[in-house]
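A short write-up of the structure that comes next.
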Amino acid sequence: MIDSTAVTIDKATALSLKELAKQTLKDNDLGGYTVPTHGLYPFQWNWDSAITALGWMKFDEPRAWQEIEILFSGQWDNGMVPHILFHKNSETYFPGPNIWGANRAIKSTSISQPPVLATAIKEMLETAKDSALATEKVTQLFNKLVEYHLWWYNDRDPQNTGLVVTYHPWESGMDNSPAWDDALHAVPCVDWEYTRRDTSHVDPSQRPHKSEYDRFLYLVDFFKRHNFDSQYIFDNCPYKMNDLGIIAILHRATKDLLILGDKLGLNDERTEYLAKRAKMTEQAIGSLWCESSNYFYCRNVLTNSLAKVKTSAGLLCVYAGLATKAQTESLNNTAQQWIEASQFSIASTHPSETCYEPQRYWRGPIWLHINWMIALGFAESGFTNTANHIQQDTRNLVLTSGYYEYFNPETGAGCGGKNFSWTAAIALHWLLD
Ligand code: GLC
């Protein structure tokens, strides 16, 4: 196995990769918001925009703030920030706004996505060259962020368990993770015909199967049929997961939101309430830890069973500060083995799992923004070797294949969409300075 930590990047290469990354963001700019990639994803996605703003920050700060402002322009009255905003029509994506049926002023989907926004905004404030502009923007955005976090806790954990639920694999952002297989299998299939668009842009061997799509669409229909009624959906949704990715990302983001509030003197009784909800998560997270495999797993809430497959979401508990010292040490050992198990790391599903598929969407491939979060967690916990190794592998992927949507951990080959915004943004933010 090649020791990827030995790979260095010379100045000229870093410079040309930086230029390419900036150009990727500019090419994907649709006038204030950035599409993840043309064709396959022609709208504004929630967590893509948060990550992409980190990239814009490196060369156009006003444009970075605009990315976030336009995302919040689609916030629902109840505080939810949708997973997709359909600003303009496009025929290249399915399911579009009519299938979702959520006809707000800005058409959108009716679910959210991992709430990394507050974390990205804190990072933006801390690294801004124009700190007056940054302070002004964060002050304006703060209330919207608070509303968004209140929505997560109140709408998705109305019984104060400490663990929010998600209603759709697409909400997790890890759309086709094997952690959803059993829960998704219990969802009925849609009974109408449809034409997918994703498999006309990307090799079908890198995308979900029809049996999964049929169920994804059943859930979309279910939300619409019940008029997006929070209580009804909470009580009756045929798919309900405690998703570790969302739980961890929300937890860290809530703590970051409180830090922002402290810095700007904006905390109030609502943020105190958020702090209480975060404490509940700290008390509840242990129920997702499996002693016999020393790992955190997602839970199917409807059957009260852990989805015992090792996905990279479990490592995000370190990033969230939700793992105890002993758990963090154990997760660090697991991460070391994970790194060794394939040529490039971190595979989204552990290579020793039978469901591991190195090039199929979320069942093995590497995503750069997940690597950034995992490495950040280990670096902050003092496990710098692990963090550095992940960062070097990530850099090496970009050197090998450029800015693809995701990467094959066995070969480093780029998969999915090309010229991808958040991949370019993470390179600018984390890999090329
Ligand atoms: C895919 C990913 C999701 C991402 C979207 C746009 O659906 O699974 O996480 O937000 O593409 O990049």
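Miscellaneous remarks
- Estimated distance in nm for a label pair at Lys325 and Glu126, the labels positioned 7 Å out from Cα along Cα-to-Cβ: 2.3
- Among Ala320, Pro36, Gly96 - extreme Cα towards positive end, dipole of the chain, charges at beta-carbon: Gly96
- Note on the stretch 359-398: percent of Cα-Cα distances in each 5 Å bin, starting at 0 and stopping at the bin with the largest distance, equals 6, 26, 28, 21, 13, 6, 1.
- When the stretch 137-239 is reduced to its Cα atoms, the Kirkwood hydrodynamic radius in Å: 15.7
- Rounded to the nearest 20 debye, dipole of the chain from Cβ charges on Lys, Arg, Asp, Glu: 180
- The relative contact order of the stretch 300-353, computed from alpha carbon pairs under 8 Å that lie at least 6 residues apart in sequence, is 43 percent.
- Column: log10 I(q)/I(0), Debye, Cα scatterers of the chain, q = 0.07 Å⁻¹: -0.30
- In this structure, the residue pairs whose Cα-Cα separation is over 23 Å, taken from Lys26/Lys418; Lys88/Lys224; Lys22/Lys107; Lys88/Lys137, are Lys22/Lys107; Lys88/Lys137.
- Alpha-carbon centroids, the stretch 342-372 and the stretch 381-405: separation in whole Å: 13
- Coupling constants for the stretch 76-84 follow from the phi torsions by the Karplus curve (6.51 cos²θ - 1.76 cosθ + 1.60, θ = phi - 60°), and in residue order they are 6, 4, 7, x, 5, 9, x, 6, 10 Hz; glycine and proline get x.
- Note that the stretch 155-168 has calculated 3J(HN,Hα) couplings of 7, 9, 8, x, 9, 6, 7, x, 10, 5, 10, 10, 10, 7 Hz, one per residue in order, obtained from phi through the Karplus relation 6.51 cos²θ - 1.76 cosθ + 1.60 (θ = phi - 60°); glycine and proline are x.
- Of the three principal axes defined by the Cα atoms of the stretch 224-307, the extents in descending order read 43, 42, 16 Å.
- Gap separating the Cα centres of the stretch 173-237 and the stretch 79-119, nearest whole Å: 15
- Using only side-chain charges placed at the Cβ, +1 for Lys and Arg and -1 for Asp and Glu, the dipole size of the stretch 277-357 relative to its Cα centre rounds to 340 debye.
- Candidates Cys189, Gln140, Leu376 compared by Cα position along the dipole of the chain: farthest toward the positive end lies Gln140, with charges placed on Cβ.
- Extension gain, Asp10 back to Thr411 (0.36 nm per residue minus Cα-Cα distance, nm): 142.1 nm
- Virtual spin-label span in nm between Leu20 and Lys224, 7 Å along Cα→Cβ: 4.0
- Cα pair distances exceeding 25 angstrom across the stretch 246-382, given as percent: 31
- Charge dipole of the stretch 287-433 about the Cα centre (unit charges at C-beta), most positive-ward option of Ile339, Tyr403, Ala307: Ala307
- Given their separation in residues at 0.36 nm each and the Cα-Cα distance between them, Cys290 and Ser211 gain 25.5 nm when the chain is fully extended.
- For peptides 209-219, 65-75, sequence by mean Cβ density within 10 Å, most packed first: 65-75, 209-219
- Largest-first principal axis extents, alpha carbons of the stretch 348-418, Å: 33, 29, 16
- Whole-Hz Karplus values for the stretch 87-99 come out as 5, 10, 5, 7, 8, 8, 10, 9, x, x, x, 5, 5 Hz, taken residue by residue from phi with 6.51 cos²θ - 1.76 cosθ + 1.60 and θ = phi - 60°; glycine and proline positions read x.
- Potential lengthening of the chain between Glu353 and Tyr273 amounts to 24.8 nm, from the contour at 0.36 nm per residue minus the alpha-carbon distance.
Just so you know, all these numbers are worked out from the coordinates, no wet-lab data involved. Computed from a prediction, not measured in an experiment: that's the story for all the values here. Neighbour counts run over all protein chains shown; Cβ positions are idealised from the backbone, glycine included.
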